[in-house]
Every structure is written in C-alpha cells, then in structure tokens.
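K.L.:
Okay, handing you the structure first.
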Amino acid sequence: MQRLIILTIFFFFSFNYSYGQFNEDAQEEFTIVAAQKSLAEAEQVTQEEANEPTSVPSFKDRIFFGGNVGLSFGDITAIEVSPLVGYQITENLTGGVGITYIYYDNKVFNYSTHTYGGRLFARYYYQLKEGVRLFPQVEYQMLKYEIRDNTTGIEYPNQWREAAYVGAGYSQRVGERSAVNIIGLYNLLYDEQTSLYNSPWEFRVEFNF
C-alpha cells in the first residue's frame with residue numbers, strides 16, 4: 001500500500017513536469033511560427049508596394065496658369081496685363097508662354113502708346129522646404145512698341161524689339177496648386193535708347209494656379 005502511494009505521487013509530479021515542459025515548448029513554437037508569419041506578411045506588403053506603379057501626373061495636371069498685373073495712375077498712367085500658361089515638363093522643370101499688353105499715357109507730354117507681344121520662359125525649381133522653392137529663370141521676349149524721347153522729342157518707330165532675360169525667383173505655395181512668385185530678371189539685350197524700361201533690371205510679383 002505504501003509503495004502504491006509513493007508510485008502515485010511520483011507519477012503525478014512526473015506528469016505535471018512533462019505537461020509543463022510540453023506547454024513551454026508549444027508556446028515557444030507558436031511564438032516562432034507567429035513571428036515568421038508576420039515577417040512574411042510584412043515582406044509581401046512591401047513587395048506589393050514596390051510593384052505598384054508610380055503615380056504620373058496627367059497632361060491636365062501638368063498645366064498651370066498665372067501672370068502679373070501692373071497699375072499706375074496719375075500724370076503717368078500705366079496698365080500692364082501679362083497672363084501666362086505653363087507646362088510641368090519634369091518634377092522640377094517647367095516651361096511656358098505668355099503675352100503682354102501695356103497701355104502708357106503721359107499727360108505731361110501729351111503722349112500715349114500701346115505695347116504688346118509675347119514671351120517664352122523656362123524655370124528649374126529647387127525645394128528648400130515644404131511649400132518653399134527657389135528657381136533660376138531664362139526668358140525670351142518680343143514686344144512691339146514705339147519710343148519717344150521726351151527731352152528731344154525724337155520718336156523711334158513702332159517696331160518689334162527683343163529682350164533676353166536671366167534671373168531667379170522665390171516661390172511660396174499658398175494652396176494645393178497655387179503659388180506666389182517674386183522674380184528678379186536682367187535684360188542681356190538692354191539698350192538705353194530703344195529698350196522699353198529705364199533699367200536692364202525688371203522685378204515681378206507673379207501668381208500661379
């Protein structure tokens with residue numbers, strides 16, 4: 001009887017130990033399997049994302065509009081309207097065309113004129129931070145206008161005149177597709193007698209959308 005009790009106790013502890021060891025092994029195996037499954041799923045998601053085609057902007061999304069307007073009133077009235085349309089060639093490179101119309105009226109010398117023409121431009125943007133970019137710009141412009149020297153009274157005929165600009169600008173985004181650009185340009189073909197402005201430098205505040 002005593003021997004039976006001892007065997008029973010020994011069997012009980014042996015069973016508990018074996019069962020506990022089995023649980024630990026099963027738990028460890030389950031943890032390894034779960035980790036391997038999670039890793040496989042993560043690798044599958046990463047591979048699927050890598051295989052997804054990169055979103056390419058449509059032709060419509062690449063087109064943008066903008067321009068600048070200038071107004072001056074008094075003894076000298078000057079009204080300038082210069083709209084433009086551009087195209088995003090690459091992520092950073094853009095190009096476009098624009099037209100310019102300027103009405104000029106000098107009441108002191110009783111003189112007025114109309115100026116009109118077009119321009120081609122290209123820009124390359126550098127991202128400084130979110131929503132802020134810098135860009136160099138080149139531009140070729142053709143304007144038709146007449147010039148009058150108010151000191152001598154000499155009038156230069158109404159004809160087409162060229163301007164070639166180089167410069168740079170600062171762009172601040174103000175919406176999903178809108179931006180304000182501050183641009184400084186230098187006219188490489190500036191001529192004191194025949195150029196439209198009194199200086200080879202031209203500064204613009206431009207809006208794009």
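K.L.:
Once the other residues with Cβ under 14 Å from the Cβ of I89 are scored (Lys, Arg +1; Asp, Glu -1), what is the net sum?
P.N.:
Values: positive: R62, R123; negative: D61, E91.
Residues near I89 contribute 0 overall.
K.L.:
In whole percent, what relative contact order does the stretch 59-208 give with Cα contacts below 8 Å and a gap of six or more residues?
P.N.:
Values: 361 pairs, mean separation 24.2, N = 150.
Contact order relative to length: 16 percent.
K.L.:
May I ask you to sort D149, D105 by Cβ crowding, counting other Cβ atoms within 10 Å and putting the fewest first?
P.N.:
Details: D149 10, D105 15.
Ascending Cβ contact count within 10 Å gives the list D149, D105.
K.L.:
Moving to a separate point now. At 0.36 nm per residue, minus the direct Cα-Cα distance, what do N198 and Y140 gain on full extension? Give it in nm, one decimal, please. If you can, show how the numbers build up before the last one.
P.N.:
On the way: separation 58, 0.36 × 58 = 20.88 nm, distance 1.85 nm.
Extra length available between N198 and Y140 comes to 19.0 nm.
K.L.:
Which net charge results for the neighbourhood of F203, defined as the other residues with beta-carbon distances under 14 angstrom from its beta-carbon, given Lys and Arg at +1 and Asp and Glu at -1? Don't jump to the answer; show the numbers that get you there.
P.N.:
On the way: positive: R204; negative: E80, E139, E202, E206.
That works out to -3.
K.L.:
For V138, V205, what ranking results if the residue with the fewest other Cβ atoms within 10 Å of its Cβ goes first?
P.N.:
Values: V138 16, V205 11.
By the 10 Å Cβ count, ascending, the order reads V205, V138.
Laboratory data are not the source of any read-out in this text; all were calculated from the coordinates shown. Keep in mind the model is a prediction, meaning the values are calculated, not measured. Cβ sites come from the backbone with ideal geometry, for glycine too, and all protein chains shown count toward neighbours.
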